[in-house]
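*Asks:* This structure is in structure tokens; I'll ask about it shortly.
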Amino acid sequence: MEKNAKIYIAGHRGMVGSAILRKLKSEGFTNFVFRTSKELDLRNQAAVNAFFSQERPDYVFLAAAKVGGILANNIYRAEFLYDNLMIEANIIHAAHTYLVKKLLFLGSSCIYPKLAPQPLKEEYLLTGLLEQTNEPYAIAKIAGIKLCDAYRAQYGDNFISAMPTNLYGPNDNYDLKTSHVLPALMRKFIEAKNNHAQEVVLWGTGSPLREFMHVDDLADACYFLMENFNEAGFLNVGTGVDLSIYELAQKIKKVVGYEGEIVQDTSKPDGTPRKLMDVSKLRKVGWEAKIDLDKGLQMVYDEVKDQF
Ligand code: GFB
């Protein structure tokens, strides 16, 4: 990407989009175009086309999405499917129509079959049934990958896709009903410590295994892929390391300095038993994560410790 290229980050106020913006600014890019969701409803095709026709971006980072944790995915099934399908279809089609030079589409590790072998290799896509709680989101994200591939195959558009593992970092969602596990536990432990509460409640059994990556690492990978990867399909983006939800809770408890108990609420779902990315393809292309979980948890704690 040329340093003066016009770059559109869809979702620039979200956790991922804002991290990409920080990264690009630090690399010397200056020519950005943004719209908030109030200014531009990405589910509205006419509005998206008018925006692309007016702004004509050279490069697009597609980080806008309806996202949330296991409960939000399961409750708002219609929005997770409809909003995500509309956002990606409108942007990818407009990027084709208005001659965008390159587009990066972002998905999620939940695109893989629930019981796929671990670690998850890119070729396991569409080899089995999806996890029920996030099937709508996964179907939308799989459609996004296939859209990029179809425009590349039929028209030669340079549209690429990356599937990050579970993310955390600045601008995460800390609403306990809709958040992912890491910000939820960070908040629960901080509040429990401040309120001298006896216990912190962990949803599910605590046994599911998850991989967590700091969003600054993802932003670094996105920039790297925009510069170095031009192929159909997609690449996993992760750390290659996982741990159980219970182990994650223990780590967060320690970082926060909370001394009470951890109890389970098994009325809440566990979701996929394990979601560990195989990152060997990404390593071959030349990128590796740099922020380990202990460091990342400390960074997050330092950012949010006075917020709750
Ligand atoms: O992060 P999370 O909501 O999503 O939950 P997924 C991960 C695991 O942590 C589940 C448990 O087993 C939860 O039951 N957990 C324990 C908690 N305590 C809590 C808590 O207080 N809050 C939350 N949220 N979880 C999502 C998908 O799956 O991951 C999305 O639904 C997306 O589509 C995203 O792919 C990255 O990792 O299970």
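*Asks:* Counting only GluC sites (Glu not before Pro) that are in a DSSP loop and have at most 16 other C-beta atoms within 10 Å, tell me the longest site-free stretch of the chain.
*Replies:* Longest site-free region, per DSSP loop and neighbour criteria: 40-230.
*Asks:* Another question, if that's okay. Pop out the ³J(HN,Hα) list for segment 94-106 in order, Karplus 6.51 cos²θ - 1.76 cosθ + 1.60 with θ = phi - 60°, rounded to Hz; leave Gly and Pro as x.
*Replies:* Per-residue couplings from phi come out as 5, 4, 5, 4, 9, 6, 5, 6, 7, 10, 10, 9, 10 Hz.
*Asks:* Each residue of segment 54-59 in order: what ³J(HN,Hα) in whole Hz does its phi give by Karplus 6.51 cos²θ - 1.76 cosθ + 1.60, θ = phi - 60°, with x for Gly and Pro?
*Replies:* Result, ordered by residue: 6, 8, 6, x, 7, 10 Hz.
*Asks:* So how much accessible area does Phe80 have, in Å² to the nearest 10, using a 1.4 Å probe?
*Replies:* Rounded to the nearest 10, that gives 0 Å².
*Asks:* For Arg274, which sequence-distant residues (separation of 5 or more, or a different chain) have an amide H within less than 5 Å of its own amide H, given hydrogens modelled in the peptide plane?
*Replies:* Amide H to amide H, under 5 Å and 5 or more residues apart or across chains, Arg274 pairs with Leu209.
*Asks:* Tally up the carbon and sulfur contribution to the accessible surface of the chain as a whole percent, 1.4 Å probe, everything protein left in place.
*Replies:* Heavy-atom surface of the chain belonging to carbon and sulfur, 1.4 Å probe: 50 percent.
*Asks:* Once amide H atoms are placed 1.01 Å from N in the peptide plane, what residues at a sequence separation of 5 or more from Gly69, or on another chain, have their amide H within under 5 Å of its amide H?
*Replies:* Answer set, sorted by chain and number: Ser179, His180.
*Asks:* For Lys102, list long-range residues whose amide hydrogen, built 1.01 Å from N in the peptide plane, is under 5 Å from its own amide hydrogen.
*Replies:* Val60
*Asks:* For the chain, what does the accessible surface come to per residue with a 1.4 Å probe? Please give it in Å².
*Replies:* For the chain, the per-residue accessible area is 44 Å².
*Asks:* I've got another one for you. Short version: ³J(HN,Hα) in whole Hz for each residue of segment 111-125, in order, from phi by Karplus 6.51 cos²θ - 1.76 cosθ + 1.60 (θ = phi - 60°), x for Gly and Pro, what are they?
*Replies:* 5, 7, x, 3, 10, 5, x, 10, x, 6, 8, 3, 6, 7, 4
*Asks:* So how do 61-69, 96-104 stack up, highest first, on mean other-Cβ count within 10 Å?
*Replies:* 61-69, 96-104
*Asks:* Within the chain, what percent of beta bridges assigned by DSSP are antiparallel, to the nearest 5?
*Replies:* Roughly 5 percent of the DSSP beta bridges within the chain come out antiparallel.
*Asks:* Net charge near Leu218, counting Lys/Arg +1 and Asp/Glu -1 over other residues with Cβ under 14 Å of its Cβ?
*Replies:* -3
*Asks:* A further question follows. In debye to the nearest 20, how big a dipole does the chain give about its Cα centre with +1 on each Lys and Arg Cβ and -1 on each Asp and Glu Cβ?
*Replies:* It comes to approximately 360 debye.
The values are calculated or read from the model by the stated rules, or taken from the named source; none is laboratory data. Everything numeric in this text was worked out from a predicted model, so none of it was measured. Ideal geometry is used to build each Cβ from the backbone, glycine not excepted, and the neighbour counts take in all protein chains shown. With ligands, DNA and RNA removed, areas are computed over all heavy atoms of the protein, side chains included. Shrake-Rupley method; radii C 1.70, N 1.55, O 1.52, S 1.80 Å.
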